[in-house]
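Quick one: the structure is below, questions incoming.
The values are calculated or read from the model by the stated rules, or taken from the named source; none is laboratory data. All values derive from a computational prediction rather than experimental measurement. Please note: Cβ atoms are built from the backbone with ideal geometry, for glycine as well, and neighbour counts cover all protein chains shown.
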Amino acid sequence: MKKWKRAVSLVLAAVLVTTAMTGCGKNKAATGKEADTLTVAIGGDPPTLDPHASSTSSSVNNLNPVYETLVRYDENGEIQPLLATEWERIDDLRWKFKLRDDVYFHNGEHMTAKDVMFSLKRATGPDGAKVSYIMSAVDYDNCEMVDDYTVIIATHEPFSPLIGYLPYIGAVVVSEKEFTEDPEHAALNPVGTGPFKFISWAKNDRCVYERNEEYWGEKPAYKNLIIRTIVESNSRVIELESGNIDIALDIPAYDAVALDKNPEVKVLRRNSTVVEFLDINVTHKPLDNPDVRLAIDYAIDENAIINAIYRGNAVYAPTLVTPSMKYYDDSDTDCRYDPEKSKELLQKAGVTDLHLKLMTAENKNRLNIATIIQNMLAEVGITVEIQSYESGTFYDIVDSGETELFLVGFGAVGFPEPDNNIYGPFNSKQIPTNNMGFYSDPALDDMLNAQRATSDGPEREAIIKDIQKYLRKNIPVIPLANTQQVVGVRSNVEGFLPTPAASHFYDKAYFK
C-alpha cells in the first residue's frame, strides 16, 4: 500500500472513532425550553459587534438578526429588495437606490438617506478598515443624497459586481445618531432596523435578542433568539442531540454522518462558495516555476482528500470559482491526479531533492489534510515538513511572506458573485491581505479589471471563464475542496435554510 493511502486510512480511522464518540449524546426531544425561544450555536465568539470593524463569520452571524442592507440574496442567489425598494445603474460609476420610507431603528429613529450616507462614509473610512476589501470600491466623495429616500452610490472605477456585494456585512445601514453620540457604546450594543433587537452579550458565551415588534417586514414567529458560542464542534453536536440548542452551525463532515442517523435531528447541506486550497508563495524558487506548481497539483489526489476528510460533504472545484457561482466554467473539471506526470514535470524543471515547508493553522481538518499531502508528495520525491501555528501567529507569518506552501480557505462573502473568489486572491493590488501567495501577473490583472468594468452578461461571462482557464493553466493555488455548509437542526424546527456564503438568517425559522 502506498504511504499516502496508509495516511488516508489512519485519518479515516480517527474520524470514525470521533464519530462514534460524538454519537453518545442523549437523543431526546427538547424539554424545558420555551417554545418562543430559538437557540443557535456557532463556533466562535465575535471579536466585536461593530459591523464595520469585523467580517468574521462569528460577527456576521451575530449581527444579521439586528442589521440590514439595501438588498439581500434570496435562497436561490438572486438579489432582492430589502431597505431599498428599487435601483438602477445610471452610468459606469453610479447606482441610484430608492429607499423604503417606513423603516425605524430599534431606538425609534426613522431611517433615512442620511443614515445610508453616514454608513457609507463610516464603512469607507478608517473605521471600516476591516471591510475595506469590499467597501473600498465605493467613492464616498461622489456619493449623493438626492432626497430623504434616494441615494446615489458612486464607485472609483467601473464596478459591475457592486450590487452583488451590497448584502455584505460591511454595507449594513447603521444609525447615525447612535454612532455619533457614543460610538464605543454603539459598537457593543448594536442598534439596527432588523427583525430582532439586541439585548445583551456575554463574551465567549452568548448574545441575546428579542423580536422587534415594530419591524417593518414580516415578524419572526418566535419571541427570543439566543446565539451561543460553543467552540468545540463535538460539544455543539452533543448540545443539539440533547435538545439544548435548536440549530448548530458548522457541523464537521464526520459528525454529520452520525447525525444523519438521529431521528430527532435534521442535517441541512448547501453547496457553498468556500474553497479549501493549498496556497503557494510564488516568490520562492522553484515555486515561481509554473511547471513545479503543476507537478505538485498532479501529485495530489483531491478526491481522496474529499472522501477522507469531508465524507462526501464537498466537491472538487478546479479553481476558486465554485459551481454555486454564476459564470462557473464546467469545461475542465476533472482532478488531475497523475504521479508519473508529476515526476515528468519535475524532471523537465530540473528539480530534484525538493524540500518544502507546509504551514497551517491549528485546525484538525487542515492538519489531517497536511498529513495526507505530505505523504502524496513524498511519492513523487518531494519532502514536506508540516508546521502548525495558533491562528493569529499563522496569519502573521502568511502576511510576512515567510511561507512556501500553506493551507487556507476563501470565499465566504460573495455568493454568487465570482469576483469575490478571483479578484482578492489573485490581483496584485491585493498582496498580501487577500493575495497571500504574492502572485503578480499583469495579464491576469488586466482580465480581473476588465470583468469588473463589464456589465453582467455574455461578455463578462466570457472574461470570467477565460480567467478560470488561465488560473487552471498557471496554477497560482491548488484547490482541494469546495465545501458544503452543513448545519444541524432539531426536527421540530422548520423554515431555516443555510446560505452558501456562511452568512445565516434565523428570522424565517419556526417551531412545528
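How many residues does the range 79-99 hold that are part of a loop (DSSP other than H, G, I, E, B) and within 25 Å of SER59 (Cβ to Cβ)?
So the answer is 2.
Counting only residues that are small (Gly, Ala, Ser) and either closer than 19 Å to LEU497 by Cβ or in the same structural domain as GLY409 (by TED's automatic domain parsing) (or both), which one in the range 57-113 is modelled with the lowest pLDDT?
Applying the filter and picking the extreme gives GLY77.
Among the helices (runs of 4 or more DSSP H) lying completely within the range 404-512, list those that include at least 3 residues that are modelled with pLDDT of 95 or more and surrounded by fewer than 21 Cβ atoms within 10 Å (Cβ to Cβ). It would help to see each step written out before you state the result.
Details: elements: 419-426, 442-453, 458-474.
Counting at least 3 such residues, we get 442-453, 458-474.
Can you pull out the residues in the range 390-403 that are buried (at least 16 other Cβ atoms within 10 Å of the Cβ) and not in a helix (DSSP H, G or I)?
THR403
Inside the range 100-169, counting only helices (runs of 4 or more DSSP H) that do not spill past its ends, which hold 1 or more residues that are under 15 Å from LEU70 (Cβ atoms) and touching an Asp or Glu at 6+ places or on another chain (Cβ under 8 Å)?
113-124, 162-165
Quick test of your reading of the structure: ALA186 fulfils all but one of (1) in a helix (DSSP H, G or I); (2) closer than 30 Å to PRO418 by Cβ; (3) touching a Phe, Trp or Tyr at 6+ places or on another chain (Cβ under 7 Å). Name the failing condition by number.
(2)
May I pose another question? Report the residue count in the range 264-315 for those that are of a type in the set (Gly, Ala, Ser) and modelled with pLDDT of 95 or more.
Going through the range 264-315 one residue at a time, the tally reaches 3.
Being within 14 Å of VAL267 (Cβ to Cβ) and of a type in the set (Asp, Glu) is the filter here, so list the residues in the range 230-245 that pass it. Talk me through it step by step, then tell me what you get.
Within the range 230-245, the first condition is being within 14 Å of VAL267 (Cβ to Cβ), and the residues that meet it are 233, 236-237, 240-241.
GLU241 - this is the single residue of the range 230-245 that is within 14 Å of VAL267 (Cβ to Cβ) and of a type in the set (Asp, Glu).
Among the numbered criteria (1) under 30 Å from GLN468 (Cβ atoms); (2) of a type in the set (Asp, Glu); (3) at pLDDT 95 or above, which single criterion is violated by ASP332?
Going through the list (1) under 30 Å from GLN468 (Cβ atoms); (2) of a type in the set (Asp, Glu); (3) at pLDDT 95 or above, ASP332 breaks only (3).
Tell me whether the range 193-211 contains one or more residues that are within 27 Å of TRP95 (Cα to Cα) and either in a helix (DSSP H, G or I) or among the aromatic types (Phe, Trp, Tyr) (or both).
Scanning the range 193-211, I find no residue that is within 27 Å of TRP95 (Cα to Cα) and either in a helix (DSSP H, G or I) or among the aromatic types (Phe, Trp, Tyr) (or both), so the answer is no.
Scan the range 376-389 and give yes if some residue there is loosely packed, with under 14 Cβ neighbours inside 10 Å and out of contact with any Phe, Trp or Tyr (no Cβ under 7 Å at 6 or more places or on another chain), otherwise no.
The answer is yes, given that some residue of the range 376-389 is loosely packed, with under 14 Cβ neighbours inside 10 Å and out of contact with any Phe, Trp or Tyr (no Cβ under 7 Å at 6 or more places or on another chain).
Residues that are touching a residue at least 40 places away in the same chain (Cβ under 8 Å), out of contact with any helix residue (DSSP H, G or I) (no Cβ under 8 Å at 6 or more places or on another chain) and not in a loop (DSSP other than H, G, I, E, B): does the range 234-241 have at least one?
Residues of the range 234-241 touching a residue at least 40 places away in the same chain (Cβ under 8 Å): 234, 236-241.
Remaining after also requiring out of contact with any helix residue (DSSP H, G or I) (no Cβ under 8 Å at 6 or more places or on another chain): 236, 239.
Restricting the remaining residues to those that are not in a loop (DSSP other than H, G, I, E, B) gives 236, 239.
Checked the range 234-241: at least one residue is touching a residue at least 40 places away in the same chain (Cβ under 8 Å), out of contact with any helix residue (DSSP H, G or I) (no Cβ under 8 Å at 6 or more places or on another chain) and not in a loop (DSSP other than H, G, I, E, B).
Inside the range 430-456, can you point out the residues that are over 28 Å from ARG72 (Cα atoms) and within 22 Å of the chain's Cα centre (by Cα)?
ILE431, PRO432, MET436, GLY437, PHE438, TYR439
Also, quick follow-up: Counting just the residues of the range 140-161 that are more than 12 Å from VAL116 (Cα to Cα) and among the hydroxyl-bearing types (Ser, Thr, Tyr), which one comes out modelled with the lowest pLDDT?
SER160
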